[in-house]
Amino acid sequence: MVSRANQNRIVTGAHYGLMDWLAQRVTAAVMAVYMVLLAAVLIVAAPQDYAAWKAIFTQPVFRIATLLFLLSLYWHAWIGMRDIFMDYIHPVAIRLTLQIGVILSLVVYTIWSVQILWG
């Protein structure tokens, strides 16, 4: 038998739950590994000028690692901002406007990151 409280319950949201929780943890781990890698590179071969910095980032492995770091950062930021908006911005129009703004910003940042790394 279904109780009256369960009949009147309105379920909202998209129920991302476990997948977003896992994505936050994986992206955080990717960013942490990259930071350790970057720290090791800076300790071993501390760049003193622009040419030295450029030499580090011309290595394909380091470019790919940097892009993976940035993509993880953007995905991590999206999940966090989306959750904040869903929790604290209740008017749907305002929440969607803010979410679209964040999405557009992150897409621009992604394109800009690729341009910087391979431009």
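Taken together, the values in this text are just the output of simple stated rules run on the coordinates, not laboratory data. No experiment lies behind these values; they were computed from the predicted model shown. Reconstructed Cβ throughout: ideal geometry from the backbone, glycine too, with neighbour counts over all protein chains shown.
Please give the length that would be gained between Ala29 and Tyr88 if that part of the chain were fully extended, namely 0.36 nm times their separation in residues minus their C-alpha to C-alpha distance (nm, one decimal).
Once the chain is fully extended between Ala29 and Tyr88, it gains 18.5 nm.
Using Cα pairs under 8 angstrom and six or more residues apart, how large is the relative contact order of the chain, in percent?
29
Kirkwood hydrodynamic radius (Cα pairs, Å) of the chain?
For the chain, inverting the mean 1/r across all distinct Cα pairs yields 17.3 Å.
Starting from 0 in steps of 5 Å, tell me what percent of the Cα-Cα pairs of region 27-97 lands in each bin.
It works out to 3, 15, 17, 17, 12, 10, 8, 7, 7, 4, 0, in whole percents.
Report the calculated FRET efficiency for Tyr109 and Ala55 (r = Cβ-Cβ distance, R0 = 25 Å), to the nearest 0.05.
Between Tyr109 and Ala55 the formula returns 0.50.
With a Förster radius of 25 Å, plug the Cβ-Cβ distance of Leu68 and Ile43 into 1/(1 + (r/R0)^6) and report the FRET value to the nearest 0.05.
0.75
Take Met19, Met81 and order them by how many other Cβ atoms sit within 10 Å, fewest up front.
In increasing order of surrounding Cβ atoms, one gets Met19, Met81.
Against the longest principal axis of the chain, how steep is helix 18-44, in degrees 0 to 90 to the nearest 10, with axes from Cα atoms?
With both axes taken from Cα atoms, the answer is about 20 degrees.
Putting +1 on Lys and Arg Cβ atoms and -1 on Asp and Glu Cβ atoms, find which of Ile56, Leu37, Leu71 reaches farthest to the positive end of the dipole of the chain.
Leu71
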